[in-house]
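Asks: Provided herewith is a single structure, encoded as structure tokens, for subsequent inquiry.
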Amino acid sequence: MNIEQNLLDRINVWLTPSFDQETQATIKKMMTDSPKDLEESFYKNLEFGTGGMRGVMGVGTNKINKYTLGKNTQGLSDFLHQSFPDKKIKVVIAYDCRHNSNTLAKVVADVFSANGIHVYLFSDLRPTPELSFALKYLGCQAGIVLTASHNPPEYNGYKVYWEDGGQLVPPQDEEIINMIENLTYDQIKFNANNELIEYIDKEIDDAFVKSSVENASFNTPQDAKDNLEIVFTSLHGTSIRSIPQTLESAGYKNVHIVPEQAEPNGDFPTVKSPNPEEPEALTMALALAEKLNADIVVGTDPDCDRLGVAVRDNNNKMILLNGNQTMVLMTHFLLEKWRTAGKINGKQFVGSTIVSTPMIMELATAYGVECKVGLTGFKWIAKMIKDFPELQFIGGGEESFGFMVGDAVRDKDAVAATLLVCEIAALAKAKGSSVYKELLQLYVDYGFYKEFLVSMTKKGIEGLAEINQMMVDMRENPVSEINGQRVIMLEDYKNSTAKNLLTGEVEAMKIPKSDVLIYYTEDGSKIAARPSGTEPKIKFYVSVNAELDAVENFAATEAYLDSKIKNILADLKIN
């Protein structure tokens, strides 16, 4: 096999005594049996994206293993000592149901403890939002969760949280990454100081459930709760540890758990993908809902930060809501509750992202609160809370099925969001309405916004190059017309510019750089292109809107918007 010298140099490092015999033997076998896989394993270092670091488990610099995570943790340990020189440093670690998560979590704990850092380690798998909560509850400087969210079974990941409970953001992220990159593998301290590792469980669990109920329940009458039939599935993930307990504590008695999916299992045996964004993932839950004539279905991803919701339409048929619809319903519900309680005085805000529905801005304006819009990823919404302490945070969401209620958890939180959507459903049913009817009325009141997502998977080295070229083409050769409508604005978040294509005027955007392009047309349509930060995908987000004068005209208006989306995708050759 012919191996380029720079690649061979990277591989040879892993054939030194700093690496165990099993790792070295695997690499030597790959050199003869699977050179293509060897190249994929070593051609780059695994990078931090929008949701931390995710990758396929295996040997090599581009894979998740004890050495790549050990190096991350050593760099983070060094940075913590530099950032908090006079403090007793504490970190908390959680992990999900994925293969090797528990052993990798212990490796991370070992490295922290070997660096003199006190470690709180959950004794078993826990939801990601509980990690964010625990970090603040325990007064830690940082937190780690081992998870790959909804990625396939061969993946795992490493998410870093800072002392405010939110994920790493600039400038800390770049500084830590630089520290990690400058380390050599023989500098990793793997020998644990077990006296500094403290296992945690029930006390934090109870406090987390109590906090979730306090933040996401609103004095809903008990008879309304008793009259709501809920089907819940954890999709083999961690939410089984928190959501049933939270719903029970809030007074919901009719919670029917999909039994075949209740046991945590990193193989996710009953689903093609454990992603509630994909309709197939909720097939079993929907079947149980039909059997029981349930009102609502909720399913969560493996680390319990995203939720998918299904409700009954006006024909009593179960339909899946998309992430934009759930965030619109939740945001409106919270705003209405805050207004009714007399708590809105102009010093509040809601959070959203640049690829989420513009309808959130319409809601915020109507209720007299600010709507702050950031880059994709809840770390940016958490940063808003930190950056604007003079404002109260009501809630925030993004189109990818995530929502955050209040600031007790500084990440998307399917525990509180599940309780919140059940509150919406219970109160709607009690007044003779439904979640679906409430959504249609919002379209009448604030405008009918409809969104559509196209996600293209491009795996491997060639796939990454193809995605990069697509972005280059769209950036350097922007279209001037889409579906017969002039493009009036092009926002380029990589270059931090907003260009008016009618006047040629260019404005600088004060938002962190990101590889995102957004086209705006003269009829109010919005088309965004964004490579995923955690998966080998490029995503296209389309948003269109129209006035809806009456609920009775919903079907005709939706058909009009659907045809507009179809024409936009065809015009841009996206499929």
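Asks: So in the chain, what percent of DSSP beta bridges are antiparallel if you round to the nearest 5? Kindly include the intermediate steps, with their values, before the conclusion.
Replies: Numbers: 58 of 88 bridges.
Bridges in the chain that DSSP calls antiparallel: roughly 65 percent.
Asks: Also, I was wondering about something else. Defining a contact as two alpha carbons under 8 Å apart and six or more residues distant in sequence, what relative contact order in percent does region 401-478 show? Working shown, then result.
Replies: Numbers: 29 pairs, mean separation 9.1, N = 78.
Relative CO of region 401-478 lands at 12 percent.
Asks: Run the simple label-point estimate for Asp267 and Leu15 please: 7 Å along Cα→C-beta, distance reported in nm.
Replies: 3.5 nm
Asks: Also, I was wondering about something else. State in Å² the accessible area per residue of region 1-119; use a 1.4 Å probe, count heavy atoms of protein chains only, and round to the nearest integer. Provide the component values of the computation, followed by the final result.
Replies: Working: 5050 Å² over 119 residues.
Averaged over the residues of region 1-119, the accessible area is 42 Å².
Asks: Something else now. Farthest toward the dipole's positive end in the chain, which of Ala114, Ser217, Thr326, given Cβ charges of +1 (Lys, Arg) and -1 (Asp, Glu) about the Cα centre?
Replies: The Cα lying farthest towards the positive end belongs to Ala114.
Asks: Cα to Cα, under 17 Å, and not fewer than 8 places away if on the same chain: which lysines meet these conditions relative to Lys202?
Replies: Lys136, Lys210
Asks: Next up: Lys pairs in region 279-415, Cα-Cα under 15 Å, at least 8 apart or on separate chains: how many?
Replies: Details: Lys291/Lys317; Lys347/Lys372; Lys347/Lys386; Lys372/Lys383; Lys372/Lys386; Lys379/Lys412; Lys383/Lys412.
Number of lysine pairs found: 7.
Asks: Along the positive direction of the dipole of the chain (beta-carbon charges: Lys, Arg +1; Asp, Glu -1; about the Cα centre), which of Gly377, Asn316, Phe452 reaches farthest?
Replies: Gly377
Asks: Taking each full run of DSSP H in the chain as one helix, which ones are at least 15 Å long along their axis (Cα atoms) and have mean Kyte-Doolittle hydropathy of at least 1.6?
Replies: Numbers: long enough: 21-33 (18 Å, -1.06); 66-83 (25 Å, -0.88); 101-114 (19 Å, 0.81); 202-216 (21 Å, -0.51); 323-340 (25 Å, -0.18); 414-430 (23 Å, 1.84); 435-446 (16 Å, 0.12); 460-476 (24 Å, -0.11); 554-571 (25 Å, 0.11).
Taking the DSSP H segments of the chain (at least 15 Å long, mean hydropathy at least 1.6), we get 414-430.
Asks: Also, I was wondering about something else. Take the solvent-accessible surface of the protein heavy atoms, probe 1.4 Å, and return the percent of it on the chain that carbon and sulfur atoms account for.
Replies: 48 percent
Asks: Among Gly70, Thr23, Phe232, which residue has its Cα positioned farthest towards the positive end of the charge dipole of the chain, with +1 placed on the Cβ of Lys and Arg, -1 on the Cβ of Asp and Glu, and the dipole taken about the Cα centre?
Replies: The listed residue farthest towards the positive side: Gly70.
Asks: Scan [x] 24.8; [y] 27.4; [z] 28.5 for the value of Kirkwood radius over Cα pairs in Å calculated from this model and give just the label.
Replies: So the structure-derived entry is [x].
Asks: If you don't mind, there's one more thing I want to ask. Over the chain, calculate the relative contact order: mean separation of alpha carbon pairs under 8 Å at least 6 apart, over the residue count, as a percent.
Replies: Working: 1162 pairs, mean separation 67.6, N = 575.
Relative CO of the chain lands at 12 percent.
Asks: If we sort 159-170, 430-441 on the protection proxy, mean other Cβ atoms within 10 Å, highest first, what's the order? Please list the in-between numbers first.
Replies: On the way: 159-170: 21.9, 430-441: 16.8.
Those peptides, ordered most packed to least, come out 159-170, 430-441.
Asks: For region 286-409, what is the accessible area per residue in Å², given a 1.4 Å probe and the full set of protein chains? Present the calculation step by step, with values, prior to reporting the outcome.
Replies: Working: 4020 Å² over 124 residues.
Computed with neighbouring chains in place, this is 32 Å² per residue.
Asks: Note the full-extension length gain between Ile461 and Asn219 as 0.36 nm times their separation in residues minus their Cα-Cα distance, in nm to one decimal. Could the numbers behind the result be given before it?
Replies: Working: separation 242, 0.36 × 242 = 87.12 nm, distance 5.34 nm.
Length difference between fully extended and current span is 81.8 nm.
Asks: State to the nearest 20 debye the size of the charge dipole of region 1-98 about its Cα centre, where the only charges are +1 on K and R beta carbons and -1 on D and E beta carbons.
Replies: Details: 13 positive and 12 negative charges, 74 e Å.
For region 1-98, the charge dipole is close to 360 debye.
Asks: What dipole magnitude, in Debye to the nearest 20, does the chain give about its Cα centre under +1 on Lys/Arg Cβ and -1 on Asp/Glu Cβ? It would help to have the intermediate numbers written out before the result.
Replies: Working: 57 positive and 79 negative charges, 60 e Å.
For this selection, approximately 300 debye.
Asks: Can you spot the aspartates and glutamates whose alpha carbon is less than 13 Å from Lys510's alpha carbon? Ignore those fewer than 8 places along the same chain.
Replies: Partners within reach: Glu491, Asp492.
Asks: Further, regarding this structure: So if R0 is 51 Å, what FRET efficiency would Arg475 and Glu552 give, r being the distance between their Cβ atoms, rounded to the nearest 0.05?
Replies: It comes out at approximately 0.70.
Asks: Provide the per residue accessible area, probe 1.4 Å, for region 202-279, rounded to a whole number of square angstrom.
Replies: On the way: 3390 Å² over 78 residues.
Ligands and nucleic acids excluded, the result is 44 Å² per residue.
Asks: Work out, step by step, the length gained on full extension between Ala508 and Glu522: first 0.36 nm times the residue separation, then minus their alpha carbon distance; give nm to one decimal. All intermediate terms of the calculation are to be shown ahead of the outcome.
Replies: Values: separation 14, 0.36 × 14 = 5.04 nm, distance 2.11 nm.
Residue separation times 0.36 nm, minus the Cα-Cα distance, leaves 2.9 nm.
Asks: Mind checking the dipole of region 443-568: about its Cα centre, +1 per Lys or Arg Cβ, -1 per Asp or Glu Cβ, Debye to the nearest 20?
Replies: Details: 15 positive and 20 negative charges, 118 e Å.
It works out to roughly 560 debye.
The values are calculated or read from the model by the stated rules, or taken from the named source; none is laboratory data. Since we're looking at a predicted model, the values are computed, not measured. Using ideal geometry, Cβ is built from the backbone for each residue, glycine included, and neighbour counts are taken over all protein chains shown. Please note that ligands, DNA and RNA were not included when accessible areas were found on the heavy atoms of the full protein model with its side chains. Shrake-Rupley method; radii C 1.70, N 1.55, O 1.52, S 1.80 Å.
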